[in-house]
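Student: I have a structure here, written as structure tokens, and I will follow up with some questions on it.
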Amino acid sequence: MAAQLHFVSHGLTHVGLVRDRNEDAFLERPEHGIWAVADGMGGHEQGDYASARVIDRLAAFKPFADLEEFTDEVRRALSHIDVHLRARAKATGPQAVIASTVACLLVYREEFAAVWAGDSRVYQLRDGELTQLTIDHSRVQELIAAGQLTSAEASGHPEAHVVTRAIGAGRLHFGTRVGVVRPGDRFLLCTDGLTNMVGGDEIAREVAGGTAQAAAERLRDLVLARGAADNLTIVVVAAEAG
Ligand SMILES: [Mn+2]
């Protein structure tokens, strides 16, 4: 029989040291098996409106007794937000964009699903090994996939921050990845404010140590020490036996 699991998590968001507003948002509901981060875009209070709509909608979910159905319902709900944000943008002006990335972790019993749109990420840490579960929906990731760019060339690339899919951007197509949760696994959900400033080896080391809260705070402090050019959002989820 599979081990019973329970989840301890800690989420935080920080405006960073350069931006005036925090357009990121997050959700932490270990009792419902749902966690999420969202990185809004649009400026003039529209970016934080977009990420807040995404997170508020996900916060309304109650636990599902079927992970596939849970995942379908989350994608459907986020598609409704996409329609709403596009209508709002259209009413604002012809060039207006009101959109948000989303990276969501859903868990039921010993299974997880990561659902995302954009360049916010979900990682899984098991036995010290960090796996990025999500694939960025970004211009550079498309160039890497097409063999036109190496990962090493990607970090300073002028289109590094161009997101190709988002809630509110239309033609919405989610990434989804499913897998098994074991006691001792940890997950990290984060926005690009973290991953643009901290490498995978450092993320693996910091997520592994101490409580979920201590891990999240160490990652935040690392970004702040490096100048925190963007808003940053970090959710660390620890799966524990019992
Ligand atoms: Mn960002």
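Student: How many residues does the range 59-113 contain that are within 16 Å of the ligand (Cβ to nearest atom) and either assigned to a strand (DSSP E or B) or exposed (fewer than 15 other Cβ atoms within 10 Å of the Cβ) (or both)?
Tutor: Residues meeting the conditions: 4.
Student: Mind counting the residues in the range 16-58 that are open to solvent by less than 70 Å² (accessible area, probe 1.4 Å) and outside any loop (DSSP other than H, G, I, E, B)?
Tutor: So the first thing to find is which residues in the range 16-58 are open to solvent by less than 70 Å² (accessible area, probe 1.4 Å), and the list is 16, 22-28, 30, 32-43, 46-55, 58.
Narrowing further to those that are outside any loop (DSSP other than H, G, I, E, B): 24-28, 34-41, 46-55, 58.
Residues that pass the stated criteria total 24.
Student: With the requirement that a residue be within 16 Å of Asp185 (Cβ to Cβ) and out of contact with any Phe, Trp or Tyr (no Cβ under 7 Å at 6 or more places or on another chain), what does the range 217-237 give you?
Tutor: Listed by number, the list holds a single entry, Val236.
Student: Okay, moving on. I'm trying to understand the selection: among the residues of the range 207-235, which are free of Cβ contacts under 8 Å to residues at least 60 places away in the same chain, within 16 Å of the ligand (Cβ to nearest atom) and not hydrophobic (A, V, I, L, M, F, W, C)?
Tutor: Arg226 - this is the single residue of the range 207-235 that is free of Cβ contacts under 8 Å to residues at least 60 places away in the same chain, within 16 Å of the ligand (Cβ to nearest atom) and not hydrophobic (A, V, I, L, M, F, W, C).
Student: List pairs: first in the range 11-30 and in contact (Cβ under 8 Å) with a residue 12 or more places away in the chain and over 20 Å from Val102 (Cβ atoms), second more than 14 Å from the ligand (Cβ to nearest atom) and open to solvent by 40 Å² or more (accessible area, probe 1.4 Å), Cβ under 7 Å, 6+ apart or cross-chain?
Tutor: From residues that are in contact (Cβ under 8 Å) with a residue 12 or more places away in the chain and over 20 Å from Val102 (Cβ atoms), the pairs are Leu17/Leu224.
Student: List the strands (runs of 3 or more DSSP E) inside the range 116-206, counting only whole elements, that have at least 2 residues being at pLDDT 90 or above and within 16 Å of the ligand (Cβ to nearest atom).
Tutor: By residue number, 121-126, 186-190.
Student: Select, from Arg226, Arg205, Arg220, Arg171, the only residue that is within 16 Å of the chain's Cα centre (by Cα), open to solvent by 10 Å² or more (accessible area, probe 1.4 Å) and among the basic types (Lys, Arg).
Tutor: Result: Arg220 is the single residue among Arg226, Arg205, Arg220, Arg171 that is within 16 Å of the chain's Cα centre (by Cα), open to solvent by 10 Å² or more (accessible area, probe 1.4 Å) and among the basic types (Lys, Arg).
Student: Give me the pairs, please: first residue somewhere in the range 117-143 and touching a residue at least 40 places away in the same chain (Cβ under 8 Å), second residue anywhere and part of a strand (DSSP E or B) and among the acidic types (Asp, Glu), beta-carbon distance under 7 Å, and either six or more positions apart or on two chains.
Tutor: Gly118/Asp39; Ser120/Asp39
The values are calculated or read from the model by the stated rules, or taken from the named source; none is laboratory data. Please read all numbers here as calculations on a predicted model, not as lab measurements. Counting neighbours? That spans all protein chains shown, and the Cβs are built from the backbone with ideal geometry, glycine included. Each accessible area value is taken on the protein alone, full model and side chains, heavy atoms only, with ligands, DNA and RNA left out. Shrake-Rupley method; radii C 1.70, N 1.55, O 1.52, S 1.80 Å.
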